[in-house]
Amino acid sequence: MITREELRELSQFRFNENENCAVSFYFQPVPPRNKAHREESILAKDLVKSALRQVAADGNNHCAKADLERILSLAEQLHGGQTRAKAVFAYGRKNFWREFDLPTDLPGTQLYVNRRFHLKPLAALFSEYPKLWVALADRQNARVLELEFGETRQQLSITNPMPRHGRSDGFGGYDAGHTQRHKEDEVRKHFRELAEFLKNGAQRRQFDAIVFGCNDVNWPDLQAQLHPDVAKKRLGQFSGEITAMSDDRAAGEALRVAQGTLRKHHYSLLGETLDEARANGRGVTGLRRVLRAMEQGEVDTLLMSQDYSARAVECTNCRHLDSHVVRYCPVCGRATRQLEDVCEALVPIAVRNSLGLVLLPRDETLDKIGNIAALLRFRADRNMNQLRAAG
Ligand SMILES: [Zn+2]
């Protein structure tokens, strides 16, 4: 499976952008019950063969020929019944070749020979598999797991043993209530320590969504300690004795909760973005304003319809992106180049900056706002006092 670090490497790769040598190949198998899966591998081979013919005819991307031949021999081994999708990114100029297995959620089998790697199909994966943390807690222990495309990593493990109270605590049962209160304080401190760790994680964008696992009786005390930035990312919780629960079991429970609530969570993010945009707050809609917010470093989460695509230009010098197809960059005056689809540039920027990426099925609401919007972390054009007054 691919990790976010590997994705970041792809999004930061340095190309010679005057030639089309970057090859991106996506293979999406079809479900086993569908009899057409042989056709999928035939389609893959046809795609590569036709790209090879184009390369032979076009002097500018001859550099991709060897990579395409290697992908053709790989496509010959694919049979379409695989349980994993596949992606290959190759750049022969620098002897770069990476193969990844992916969850089978790609939009389809595709091949691109371009100036840089085509990462847009991965946007769908980002959306369906957000960076997920699982916070497990009882009154003395806490664990935080990170789930990424089927892999589980432990981020935190703490134990705050409850103080023991013997007779030395007081005399004549000095105050049983005092002991009880003291225990409650210790538990609150324990939950606060976990909540602090989660708050820092949320503010550093280490996760997009979170699921909690704890005993139902403890949930209100834990919930009371959560920072709003963490509470907003909560997809739900499951109940259980967490000390006895293996990481794998907890991951399974968390994914089940996430699958059931992710779509609802996405719509609540969209709702929040639209409300904020209407109030001139932390939300913008439409490509022009989204691009501006991206350049200002304001964006937290990018939201778009699943089939979003738009023409734009990119400055060859300063990389400014503009929704108006102009020949010269409005920022630095140098020549621009046309992008068939602005996502070609937007998705790598989102990956590099660890932005949230949410894709939603197209509907009337999305059509009205140009099918793209962004939830902001802050607005650079407003001073803090205004923000405080508004908040
Ligand atoms: Zn420029």
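The values are calculated or read from the model by the stated rules, or taken from the named source; none is laboratory data. Note that this is a predicted model, so its numbers are computed, not measured. All Cβ positions, glycine included, derive from the backbone under ideal geometry; neighbour counts span all protein chains shown. Accessible surface areas use protein heavy atoms only, side chains included; no ligands, DNA or RNA. Shrake-Rupley method; radii C 1.70, N 1.55, O 1.52, S 1.80 Å.
Any residue in region 266-281 that is among the hydroxyl-bearing types (Ser, Thr, Tyr) and touching a residue at least 60 places away in the same chain (Cβ under 8 Å)? Step through it out loud before you land on a result.
Our first condition is that a residue be among the hydroxyl-bearing types (Ser, Thr, Tyr); within region 266-281, this holds for 267-268, 273.
Add one more test, that the residue is touching a residue at least 60 places away in the same chain (Cβ under 8 Å), and what stays is 267, 273.
Yes; the residues of region 266-281 include at least one that is among the hydroxyl-bearing types (Ser, Thr, Tyr) and touching a residue at least 60 places away in the same chain (Cβ under 8 Å).
The residues of region 326-341 that are within 16 Å of the ligand (Cβ to nearest atom), open to solvent by less than 30 Å² (accessible area, probe 1.4 Å) and modelled with pLDDT under 95 amount to a single one, Leu339.
With respect to the conditions (1) away from the ligand (no atom under 16 Å from the Cβ); (2) surrounded by 13 or more Cβ atoms within 10 Å (Cβ to Cβ); (3) among the charged types (D, E, K, R); (4) at pLDDT 95 or above, Glu364 falls short on a single one, namely (2).
Of all residue pairs spaced 6 or more apart or on separate chains, none has beta-carbon atoms under 6 Å together with a first member in region 96-112 that is surrounded by fewer than 14 Cβ atoms within 10 Å (Cβ to Cβ) and a second member that is assigned to a strand (DSSP E or B) and aromatic (Phe, Trp, Tyr). Residues in region 271-318 that are more than 16 Å from the ligand (Cβ to nearest atom), within 25 Å of Thr336 (Cβ to Cβ) and among the polar types (S, T, N, Q): Thr285, Ser309. If you filter region 113-125 down to residues that are surrounded by 19 or more Cβ atoms within 10 Å (Cβ to Cβ) and not in a loop (DSSP other than H, G, I, E, B), you find that the one that is farthest from the chain's Cα centre (by Cα) is Val113.
Out of everything in region 342-357 that is among the aliphatic types (A, V, I, L, M) and not in a loop (DSSP other than H, G, I, E, B), what residue ends up being nearest to the ligand (Cβ to nearest atom)? Even if it seems obvious, please write down each step before you answer.
Initially, region 342-357 is screened for residues among the aliphatic types (A, V, I, L, M), giving 342, 345-347, 349-351, 355, 357.
Next cut, not in a loop (DSSP other than H, G, I, E, B) only: 345-347, 349-351, 357.
Values: Ala345: 13, Leu346: 17, Val347: 20, Ile349: 15, Ala350: 20, Val351: 22, Leu357: 25 Å.
This residue is Ala345.
Each row is one residue, and each column tells you yes or no for (1) of a type in the set (A, V, I, L, M); (2) at negative phi; (3) surrounded by fewer than 21 Cβ atoms within 10 Å (Cβ to Cβ).
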residue	(1), (2), (3)
Thr179	no, yes, yes
Glu186	no, yes, yes
Ile210	yes, yes, no
Ser239	no, yes, yes
Met245	yes, yes, yes
Arg249	no, yes, yes
Arg256	no, yes, yes
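Note on region 232-252: residues that are more than 18 Å from Leu198 (Cβ to Cβ) and in a helix (DSSP H, G or I) amount to 5.
Taking region 38-85 on its own, how many of its residues are among the small types (Gly, Ala, Ser), at pLDDT 85 or above and open to solvent by 30 Å² or more (accessible area, probe 1.4 Å)? Break it down into steps so the answer makes sense when it comes.
Taking region 38-85 and keeping what is among the small types (Gly, Ala, Ser), we get 41, 44, 50-51, 56-57, 59, 64, 66, 73, 75, 80-81, 85.
From what's left, at pLDDT 85 or above: 44, 50-51, 64, 66, 73, 75, 85.
Adding the requirement that they be open to solvent by 30 Å² or more (accessible area, probe 1.4 Å) leaves 50, 66, 73.
The number of residues fulfilling the criteria is 3.
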